[in-house]
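Taking it in order: structure first as structure tokens, then the write-up.
The values are calculated or read from the model by the stated rules, or taken from the named source; none is laboratory data. This one's a predicted model, so the numbers in the text were calculated from it and none came from an experiment. Note: ideal-geometry Cβ built from the backbone for every residue, glycine included; neighbour counts use all protein chains shown.
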Amino acid sequence: MSATARAVRPVSIASFAQSQNVRKDDERNEVEGLMPVISEVFGNIGITKDDVDFICSGSTDYLIGGPFSFVMALDAVGVWPPRSESHVEMDGAWALYEAWVLLQEGEIDAALVYSFGRSSLGDLNEILTLQLDPYYEAPLWPDIVSLSALQARALIDAGQATEADFAEIASRSRRDALSNPKAQVRNDIAPEVLLEDDYVVAPLRRHALPPITDGAAAIVLAAGDKAAAWSERPVWITGFDHRMETHSLGARDLTTSPSTAKAAEVAGVAAGKVDVAEIHAPFAHQELIVRRALGLDDSVVVNPSGGALAANPLMSAGLIRIGEAAERIRSGQAGRAVAHATSGPCLQQNLVCVLEGGA
Amino acid sequence: MSDETTDPGPVTTLATPIRLDFEFTPGVAQSKFLRGLERGEFLGQRCATCGKVYVPSRGSCPTDGVPTTEDVLLGNSGTVTTYCVVNVPFAGQSIEIPYICAQILLDGANLSFMGLIQEIPTDQIRMGMRVEAVWVDEAELTPSLASVRYFRPNGEPDADYETYKEYL
């Protein structure tokens, strides 16, 4: 169990569902894309919307280019009779955190968490520029690929990685994705071949970048009697924390992730053996930084789902890491897992969730 | 250059122009509605659970959270549930003021939408008035609400308040 001092109410990941991750879903609107996911996440455990006490979603209007898209998305759930509902303009992993905190208070026993986003509707590089400091950084329009390349360059200059390492991670991720039918980029290409790719922004070649993905995901959290009733093999959240670093890129050492390390410490990652880690590293080199910050040794299986390099639905890719990690435990492949989600440029904000199986 | 500088004071304004372009995906259900407008028809969808008909439908019943799969062709007439008379000019205004903006509940629908009322003096508009859609010429029909020029009184007696009180 977690080494954290505070008492943690056991909360279970009762169900997980995700959409097919695709480059562009130009047939369905947000609601139509979400409905099958919501239906599946309830259907997995034979419940309905009336069985959850709280709903929390993660999305951003910047992807759709329209206001209050998260309000319209509720049409996919059907919030009648009215119930408590919330939204974060963040990845669904943070929506899950909010629901978990509410469950900690003991007033409710079940929550639906979902996230959605279509990255294909605008120019993602331009859209992500708007998450930067609005006075000194955003007016220069530095794109996310260039900023991530700065981070990769810093890692190489510090002697902590090579371009071959990036190719190795990309090759492994997309090969692992061959066993993930929901993934978008699935192939078996040797690192040596990947290194023949052209640079997009040096030192990042095409393979080190995430795909642009449209997708959605959902999780049902349960506590108390509902946790036992809805899962034969409950997957418990035993540690959960998130931390944020300064907005100013120039003030950070981009080769490290102190926010991940702090979140891992509070979540109690080191309190037991980690079998599997699902790391949200949109750019290949970021897996190295996060892995080190989490303190994982070489025995840990990293991103068996293929990770964000195989499918990167913005606003859902972090929540999917938690769902994928939970599925490894539910299937018996792992006893203890760590899931990580990131937000902001160059791993600015990080969330760590420790999951364990057991009765 | 002089060594002496005058303090211009703190910067209080910074202009950082932003422009983003997006594609819009109406989705399966709204595409049907828009294609209907292109044919001069109002096409809605019915919820199989509660039976309500939404126009335009976004593909789900917001009450029940289930897909709306049954298409329903609605009539050309409806009832004014509520309205306002616009007297204020604003930038980009394309209609001469004063004009009437109304919520219209099409016959057979359970969701009202906003429409322009013409061919009636503004002081004669009232809740419950029966109106009909006037469409653009066939050659000008597009998959857009611009295909409806406006609504006008259809000459029928006013609707009973009980028939539309749920939709105010």
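Could we say that A:Ala270 is buried (at least 21 other Cβ atoms within 10 Å of the Cβ), among the small types (Gly, Ala, Ser) and touching a residue at least 60 places away in the same chain (Cβ under 8 Å) here? So that I can check it myself, show each step before the final result.
Working: buried (at least 21 other Cβ atoms within 10 Å of the Cβ): no; among the small types (Gly, Ala, Ser): yes; touching a residue at least 60 places away in the same chain (Cβ under 8 Å): yes.
No: the conditions fail for A:Ala270.
A:Tyr114 falls short on exactly one of the conditions (1) modelled with pLDDT under 95; (2) crowded, with 19+ Cβ neighbours inside 10 Å; (3) in contact with a Ser or Thr (Cβ under 8 Å, 6 or more places away or on another chain); (4) within 12 Å of chain B (Cβ to nearest Cβ), and that condition is (1). Filtered by the rule that a residue be within 17 Å of B:Phe113 (Cβ to Cβ) and free of Cβ contacts under 8 Å to residues at least 24 places away in the same chain, region B:3-30 gives a lone residue, B:Pro26. A single member of A:Gly358, A:Gly295, A:Gly250 is at pLDDT below 95, more than 26 Å from A:Ala99 (Cβ to Cβ) and not aliphatic (A, V, I, L, M), and it is A:Gly250. Considering each residue of region A:294-301 in turn, none proves to be without any contact (Cβ under 8 Å) to a residue 24 or more places away in the chain, outside any loop (DSSP other than H, G, I, E, B) and surrounded by 20 or more Cβ atoms within 10 Å (Cβ to Cβ). Across region B:142-165, the number of residues qualifying as in contact with a strand residue (DSSP E or B) (Cβ under 9 Å, 6 or more places away or on another chain), under 25 Å from B:Val28 (Cα atoms) and assigned to a helix (DSSP H, G or I) comes to 2. The requirement of being more than 22 Å from the chain's Cα centre (by Cα) and in a helix (DSSP H, G or I) is satisfied by A:Glu192. Using the structure shown, decide if A:Gly66 is crowded, with 17+ Cβ neighbours inside 10 Å, in a loop (DSSP other than H, G, I, E, B) and not β-branched (Val, Ile, Thr). Here the answer is no, as A:Gly66 does not meet what is asked.
Only a single item in (1) surrounded by fewer than 22 Cβ atoms within 10 Å (Cβ to Cβ); (2) at pLDDT below 95 is not met by A:Leu102, and it is number (2).
Here B:Val28 meets the list (1) in a helix (DSSP H, G or I); (2) of a type outside the set (Gly, Ala, Ser); (3) more than 10 Å from chain A (Cβ to nearest Cβ) almost entirely, failing just condition (3).
Among the residues of region A:48-70, which ones are touching a residue at least 12 places away in the same chain (Cβ under 8 Å) and within 13 Å of chain B (Cβ to nearest Cβ)?
In the first step, residues of region A:48-70 are kept if they are touching a residue at least 12 places away in the same chain (Cβ under 8 Å); the result is A:49, A:51-65, A:69-70.
Result: A:Lys49, A:Asp51, A:Val52, A:Ile55, A:Thr60, A:Asp61, A:Tyr62, A:Leu63, A:Ile64, A:Gly65, A:Ser69.
Within region B:130-141, is there a residue that is in a strand (DSSP E or B), among the basic types (Lys, Arg) and surrounded by 16 or more Cβ atoms within 10 Å (Cβ to Cβ)?
Within region B:130-141, the first condition is being in a strand (DSSP E or B), and the residues that meet it are B:130-135.
Filter again for among the basic types (Lys, Arg), leaving B:130.
From what's left, surrounded by 16 or more Cβ atoms within 10 Å (Cβ to Cβ): B:130.
Checked region B:130-141: at least one residue is in a strand (DSSP E or B), among the basic types (Lys, Arg) and surrounded by 16 or more Cβ atoms within 10 Å (Cβ to Cβ).
Please tell me if B:Pro10 is within 14 Å of chain A (Cβ to nearest Cβ), assigned to a loop (DSSP other than H, G, I, E, B) and in contact with a strand residue (DSSP E or B) (Cβ under 9 Å, 6 or more places away or on another chain). No: the conditions fail for B:Pro10.
Do we find a residue being within 22 Å of A:Leu124 (Cα to Cα), buried (at least 24 other Cβ atoms within 10 Å of the Cβ), in contact (Cβ under 8 Å) with a residue 24 or more places away in the chain and of a type in the set (Val, Ile, Thr) anywhere in region A:235-245? Let's see the steps before the verdict.
Of all residues in region A:235-245, those within 22 Å of A:Leu124 (Cα to Cα) come to none.
The answer is no, given that none of the residues of region A:235-245 is within 22 Å of A:Leu124 (Cα to Cα), buried (at least 24 other Cβ atoms within 10 Å of the Cβ), in contact (Cβ under 8 Å) with a residue 24 or more places away in the chain and of a type in the set (Val, Ile, Thr).
Does region A:39-49 contain any residue that is under 23 Å from the mean Cα position of the chain (by Cα), assigned to a helix (DSSP H, G or I), modelled with pLDDT of 95 or more and of a type in the set (Gly, Ala, Ser)? Yes.
Quick grid of which residues meet (1) more than 14 Å from chain B (Cβ to nearest Cβ); (2) in a loop (DSSP other than H, G, I, E, B):
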| position | (1), (2) |
| --- | --- |
| A:Pro82 | no, yes |
| A:Trp94 | yes, no |
| A:Tyr97 | yes, no |
| A:Trp100 | yes, no |
| A:Gln131 | no, yes |
| A:Leu147 | yes, no |
| A:Gln160 | yes, yes |
| A:Ser173 | yes, no |
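For region A:8-46, residues that are within 15 Å of A:Val220 (Cα to Cα), within 13 Å of chain B (Cβ to nearest Cβ) and of a type in the set (Val, Ile, Thr) total 3. For region A:108-126, filtered to residues that are touching a residue at least 40 places away in the same chain (Cβ under 8 Å) and not in a strand (DSSP E or B), the residue that is nearest to the chain's Cα centre (by Cα) is A:Ser119. Given the criterion surrounded by fewer than 20 Cβ atoms within 10 Å (Cβ to Cβ) and within 26 Å of B:Val136 (Cβ to Cβ), identify the matching residue among B:Asp71, B:Asp64, B:Asp21, B:Asp7. After applying the criteria, what remains is B:Asp71. Note on region B:72-90: residues that are more than 16 Å from the chain's Cα centre (by Cα) and free of Cβ contacts under 8 Å to residues at least 24 places away in the same chain total 4.
With respect to the stated conditions, A:Glu89 fails to be surrounded by fewer than 23 Cβ atoms within 10 Å (Cβ to Cβ) and either over 30 Å from B:Arg19 (Cα atoms) or within 13 Å of chain B (Cβ to nearest Cβ) (or both).
Taking residues in region A:181-192 that are touching a residue at least 60 places away in the same chain (Cβ under 8 Å), and partners anywhere that are exposed (fewer than 12 other Cβ atoms within 10 Å of the Cβ), the pairs with Cβ atoms closer than 9 Å and at least 6 places apart or on different chains are A:Arg186/A:Ser179.
Can you tell me which residues in region A:19-36 are surrounded by fewer than 21 Cβ atoms within 10 Å (Cβ to Cβ) and modelled with pLDDT of 95 or more?
Step one: of region A:19-36, the residues surrounded by fewer than 21 Cβ atoms within 10 Å (Cβ to Cβ) are A:20, A:22-24, A:26-27, A:36.
Result: A:Gln20, A:Val22, A:Arg23, A:Lys24, A:Pro36.
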